[in-house]
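**Q** Take this structure, written in structure tokens, and hold onto it; I'll ask about it next.
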Protein chains: 2
Amino acid sequence: MTLGLFPIFLLASVAAAATGMIFRPGVWYAELRKPGFTPPNWAFPVAWTVIYLLSALAAARVAVLPGAGMALALWSAQIALNTLWTPVFFGSRRMGLAMVVMAALLVTVAALAWAFASLNGWAGLMLLPYLAWLGVASALNWRIWRDNPAA
Amino acid sequence: MTLGLFPIFLLASVAAAATGMIFRPGVWYAELRKPGFTPPNWAFPVAWTVIYLLSALAAARVAVLPGAGMALALWSAQIALNTLWTPVFFGSRRMGLAMVVMAALLVTVAALAWAFASLNGWAGLMLLPYLAWLGVASALNWRIWRDNPAA
């Protein structure tokens, strides 16, 4: 029963995901100037559902291994930063501050993928979609911030 | 060096604490009808600073112990729920939904205190201020929600 902790990591992920339901993009986001590589709106909930499930599964997998303290500390940091980003961007609409949160999240998830990979190869691989998506999200946050100085 | 993971748990706590600086109570909160046991405004940042420091220290203490997976999973869940509460209450001003988040947080921190205490007595004790403050915060969220049906 190595995945017995999955429901607890999933609860944390649900708290993070809830921000996307509470702080919706709406008209404000629709009217922002966005770069050509902006994913369509439907891609965001799909990507995040996959990412939250995989990262909770990976955490449950490594949490029972000896020496997982650092990896789980990093998992805690990423889920708090992840929960923070959406209210900052879509709630307070402070895109520069959101960029700071996003940069911290990207560095944390990179360290997390490395820490998970050194405990369990599969757990490390399960974080690659998260890391890839954060690459896109960082570029998007940056461009939208720079291209909409008045928003 | 048993507290080597403290900076990472502190980073997670800083993300949670940032919500209090980004979503401020302001005029909306000042004008709400509040119960007699409402703490003065200055008490909130003082209490949360103590709570975040103690809970990050306790997490760093237990993270290096064998069998800490469940405790650290619960720590992740509490920091995500904690980060979620402020934007929901002060950002979206959905006090009923904030009450749901607060109830989930209270149950999670109660389980966390128990999980920490079973690994290390001091770590369990270090969560008691958090649990006590959440008791006050829950009662406050509930009363403000019920006493301000129009807000």
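The values are calculated or read from the model by the stated rules, or taken from the named source; none is laboratory data. Computed from a predicted structure; not experimentally measured. Virtual Cβ from ideal backbone geometry, glycine too; neighbours counted across all protein chains shown. Note: areas computed on protein heavy atoms with side chains; ligands, DNA, RNA excluded. Shrake-Rupley method; radii C 1.70, N 1.55, O 1.52, S 1.80 Å.
**Q** Going residue by residue through the range B:39-54, is there one that turns out to be of a type in the set (Ser, Thr, Tyr) and in a loop (DSSP other than H, G, I, E, B)? Please lay out each step first, then the result.
**A** Taking the range B:39-54 first, the residues of a type in the set (Ser, Thr, Tyr) are B:49, B:52.
Checking which are in a loop (DSSP other than H, G, I, E, B) leaves us with none.
Among the residues of the range B:39-54, not one is of a type in the set (Ser, Thr, Tyr) and in a loop (DSSP other than H, G, I, E, B), which makes the answer no.
**Q** A follow-up question, please. On the phi < 0 side of the Ramachandran plot, at pLDDT below 95 and not aliphatic (A, V, I, L, M) - does that describe any residue in the range A:102-124?
**A** no
**Q** Take B:Ala58 and decide whether it is among the small types (Gly, Ala, Ser), part of a helix (DSSP H, G or I), away from chain A (no Cβ under 11 Å) and open to solvent by 10 Å² or more (accessible area, probe 1.4 Å).
**A** On the way: among the small types (Gly, Ala, Ser): yes; part of a helix (DSSP H, G or I): yes; away from chain A (no Cβ under 11 Å): yes; open to solvent by 10 Å² or more (accessible area, probe 1.4 Å): no.
Criteria not met by B:Ala58.
**Q** A follow-up question, please. Return yes or no: is B:Phe37 more than 18 Å from B:Leu112 (Cα to Cα) and not small (Gly, Ala, Ser)? Reasoning before the result, please.
**A** Working: more than 18 Å from B:Leu112 (Cα to Cα): yes; not small (Gly, Ala, Ser): yes.
Here the answer is yes, as B:Phe37 does meet what is asked.
**Q** When you scan the range B:121-132, how many residues do you find that are part of a helix (DSSP H, G or I) and open to solvent by less than 40 Å² (accessible area, probe 1.4 Å)?
**A** Matching residues across the range B:121-132 total 3.
**Q** Which pairs turn up if I take residues in the range B:17-42 that are within 14 Å of chain A (Cβ to nearest Cβ) and among the small types (Gly, Ala, Ser) and look for partners that are assigned to a helix (DSSP H, G or I) and open to solvent by 70 Å² or more (accessible area, probe 1.4 Å) with beta carbon separation below 9 Å, at least 6 apart in sequence or on another chain?
**A** Here the result reads B:Ala17/B:Pro45; B:Ala17/B:Thr49; B:Gly20/B:Pro45, each pair linking the range B:17-42 to a residue that is assigned to a helix (DSSP H, G or I) and open to solvent by 70 Å² or more (accessible area, probe 1.4 Å).
**Q** Somewhere in the range B:95-104, is a residue surrounded by fewer than 19 Cβ atoms within 10 Å (Cβ to Cβ) and more than 10 Å from every other protein chain (Cβ to nearest Cβ)?
**A** Yes: the range B:95-104 contains one or more residues that are surrounded by fewer than 19 Cβ atoms within 10 Å (Cβ to Cβ) and more than 10 Å from every other protein chain (Cβ to nearest Cβ).
**Q** For B:Ala68, which of the numbered conditions (1) within 20 Å of B:Asn141 (Cα to Cα); (2) buried (at least 19 other Cβ atoms within 10 Å of the Cβ) fails to hold?
**A** (1)
**Q** Let me ask something else. In the range B:133-151, what residues are touching a residue at least 60 places away in the same chain (Cβ under 8 Å) and in a helix (DSSP H, G or I)?
**A** The answer is B:Trp133, B:Val136, B:Ala139, B:Leu140, B:Arg143, B:Ile144, B:Asp147.
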